[in-house]
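Chemist: One structure, pasted below without further comment.
Please treat every number below as a calculation from the coordinates, not as lab data. If you're wondering where the values come from, they're calculated on a predicted model, not measured in any experiment. Heads up, the Cβs are rebuilt from the backbone with ideal geometry, glycines too, and the neighbour counts pull from every protein chain shown.
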Amino acid sequence: MGSRRSFIEKVTVSAIGLPLLYNPSNLLAATSEQYDGPVLRVAIMGLGSYGNRVAKAMLDCKKAKLVGVISGTPSKIEEWRKAYDIPERNCYNYYNFDNIKDNPDIDAVYVITPNGLHCDQTIRVAKAGKHIICEKPMGINAGQGQKMVDACKAAKVKLLIGYRMHYEPKTVEVIRMRKAGEFGELKFFQGQSGFVIGDPAQWRLNKELAGGGAMMDIGIYSINGARYMLGEDPIWVTAQETKTDPVKFKEGIDETIQFQMGFPSGAVANCLSTYNMRNLDRFFMTGDEGWVEMKPSTGYGPIKGRTHKGELTRPHITHQTLQMDGMAELIFEDVEPIVPVDGEEGVKDMKIIDAIFEAVKTGGKVEVKV
Ligand code: NAD
């Protein structure tokens, strides 16, 4: 990860002469301009692989700061305390984190634990009166997602889902082009999301903790991507599952699912979600006047892409840095995001996943009402 200086230089140089691509206040967050507004003070829950990535990215944030941790492993808490200068009073474990309600130094908790734990943990944080950023998938089904939305509403706290691509500059540029009608009438989206999963003992292959297999983890990128690329929500899905390793991918853990979605405009999507193929990180979309291909489309970047007009040239900025500054704005300044990142947005993806699993079971077309 680059220093704050190199980060700022990259952004400032790349931004010269370019139109503002995304929320102007979000762009401000990534320039060398002084920032004197409120800073979102965040505690990360779950100090695993992605939690580490988010913490490092937050070093370059202007509007968000890591100030606390919640972990079941005391040695990790010690490491993080040293690495990020976290005071002891801002450290919690999974039993006592409800006490965060009495801690005025923490504004929000970022839940980065296994999917099956998100719902209960989010509801506990909401009851403690703190805002929540929760990783995708927000839960393991739409019912859980809705409970989380309701709990946060009741507690009058914000619930945001870690959709980092909604802040990624090349993705935002494609969304701008789509809104400007540059692709014409949209006809087709193709999403391919997958990787080969390793250790069979990991939580990602445990139904209770993961809620499913590849679809929950990586297929969700094609679902969410189809929605932000086309700018519509699907009204039906069909889906077919193939399983080559029923030992590793037990009942309830999907290995590979191909799925199709139909949209109100008549556009259709054809997607692949898998835990058993390499190099699958690609979006393609075509309309009657233009097209875009992104590969990689949702990895940590740099994202690469081209359209009928040529290469996408927007700068690479660490996704989680932009996301956390952007989310601080949403919480403090009530800005309008380019693509929603709230709990309701998360529930839509969960409803679509529920419908895909039903379509796999029934073999038929399943209506979706998001
Ligand atoms: P991980 O296994 O690396 O970390 C999970 C953390 O949760 C660990 O620190 C672990 O100790 C802790 N944990 C607490 N209770 C646990 C339990 N009962 N069982 C297992 N672990 C427990 O996983 P990760 O890759 O960091 O994923 C965490 C979440 O972040 C998932 O929801 C995942 O989908 C999401 N994620 C999002 C992105 C993204 O790009 N937005 C990328 C990776 C992961």
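Chemist: Taking the stretch 212-297, which GluC sites (Glu not before Pro) meet the DSSP loop condition and have no more than 14 other C-beta atoms within 10 Å?
Modeler: 251, 289
Chemist: Determine the relative contact order of the chain: mean sequence separation of Cα pairs under 8 Å and six or more apart, normalised by residue count, in whole percent.
Modeler: Working: 772 pairs, mean separation 71.3, N = 370.
Answer for the chain is 19 percent.
Chemist: Please label the shape of the stretch 231-309 as rounded, prolate or oblate, based on the square roots a ≥ b ≥ c of the eigenvalues of the alpha-carbon gyration tensor (a/c under 1.5 means rounded; beyond that, a/b larger than b/c means prolate, else oblate). The partial results should precede the final answer.
Modeler: Numbers: a/c = 3.15, a/b = 1.42, b/c = 2.21.
It is oblate, given that a/c is not under 1.5 and a/b is not larger than b/c.
Chemist: Hey, another quick one. Restrict the search to the stretch 276-370; then list the chymotrypsin sites (Phe, Trp or Tyr not before Pro) that DSSP places in a loop and that have at most 15 other Cβ atoms within 10 Å of their Cβ. The partial results should precede the final answer.
Modeler: Working: sites: 283, 284, 291, 300, 332, 357; in loops: 300.
Taking the stretch 276-370 and a limit of 15 other Cβ atoms within 10 Å, the loop chymotrypsin sites (Phe, Trp or Tyr not before Pro) found are 300.
Chemist: Which distance in Å, rounded to a whole number, links the C-alpha centroids of the stretch 135-171 and the stretch 60-108?
Modeler: When both Cα centres are located, 21 Å separates them.
Chemist: Now for a different question. Which whole-Hz couplings ³J(HN,Hα) result when phi for each residue of the stretch 195-204 is put into the Karplus expression 6.51 cos²θ - 1.76 cosθ + 1.60, θ = phi - 60°, listed in order with x for Gly and Pro?
Modeler: 7, 8, 7, x, 2, x, 8, 6, 4, 5
Chemist: Please list, by residue number, every one of the trypsin sites (Lys or Arg not before Pro) in the stretch 239-282 that is coil in DSSP and has at most 13 other beta-carbon atoms within 10 Å. Could the numbers behind the result be given before it?
Modeler: Details: sites: 243, 248, 250, 278, 282; in loops: 243, 248, 250, 278.
Sparse-neighbourhood loop trypsin sites (Lys or Arg not before Pro): 278.
Chemist: About its Cα centre, how strong a charge dipole does the chain have in debye, to the nearest 20, once Lys and Arg get +1 and Asp and Glu get -1 at the Cβ?
Modeler: On the way: 46 positive and 46 negative charges, 95 e Å.
Value, rounded to 20: 460 debye.
Chemist: Sequence gap at least 6, Cα distance under 8 Å: using those rules, report the relative contact order of the stretch 9-164 to the nearest whole percent. Can you show the working numbers first?
Modeler: Working: 240 pairs, mean separation 27.7, N = 156.
It comes to 18 percent, rounded to a whole number.
Chemist: Stretched out fully, how many nm does the piece from residue 33 to residue 101 gain, at 0.36 nm a residue minus the Cα gap? Walk me through the numbers on the way to the answer.
Modeler: Numbers: separation 68, 0.36 × 68 = 24.48 nm, distance 3.36 nm.
That works out to 21.1 nm of additional length.
Chemist: A further question on this structure: In whole percent, what relative contact order does the stretch 301-370 give with Cα contacts below 8 Å and a gap of six or more residues?
Modeler: Values: 25 pairs, mean separation 12.2, N = 70.
Relative contact order, the stretch 301-370: 17 percent.
Chemist: Volume per residue, Å³, of the convex hull around the alpha-carbon atoms of the stretch 9-164?
Modeler: Each residue corresponds to 130 Å³ of Cα convex hull volume.
Chemist: Under the rule of at least 5 residues apart or a separate chain, name every residue whose amide H is placed under 5 Å from the amide H of residue 280.
Modeler: Hits under the 5 Å cutoff: 194.
Chemist: Can you compute the helix-only [θ] at 222 nm over the chain? Use -39500 (n - 2.57) per DSSP H run of at least 4 residues, normalise by all residues, nearest 500 deg cm²/dmol.
Modeler: Values: 11 runs with 123 residues, N = 370.
Using -39500 (n - 2.57) per qualifying helix, the result is -10000 deg cm²/dmol.
Chemist: Also: Using Cα positions and a limit of under 18 Å, work out the aspartates and glutamates in reach of residue 187, with same-chain residues fewer than 8 apart set aside.
Modeler: 232, 233, 288, 289, 293
Chemist: Exceeding 31 Å between C-alpha atoms, which entries from my cross-link table qualify? They are 62/179; 179/348; 56/170; 127/250; 82/127. Spell out each step's value before the answer.
Modeler: Details: 62/179 29 Å; 179/348 21 Å; 56/170 22 Å; 127/250 35 Å; 82/127 29 Å.
Over 31 Å Cα-Cα: 127/250.
Chemist: Follow-up. What FRET efficiency, computed as 1/(1 + (r/R0)^6) with R0 = 25 Å and r the Cβ-Cβ distance, is obtained for residue 82 and residue 156, rounded to the nearest 0.05?
Modeler: Details: r = 35 Å, r/R0 = 1.41.
E between residue 82 and residue 156, to the nearest 0.05, is 0.10.
Chemist: Hey, can you grab everything whose amide H is under 5 Å from the amide H of residue 134? Only 5+ residues off in sequence or another chain; H modelled, so Pro and N-termini drop out.
Modeler: HN-HN under 5 Å from residue 134: 111, 160, 161, 162.
Chemist: Please report, in cubic angstrom per residue, the volume enclosed by the convex hull of the alpha-carbon atoms of the chain.
Modeler: Details: hull volume 48.8 nm³, N = 370.
Given the Cα convex hull of the chain, per-residue volume reads 132 Å³.
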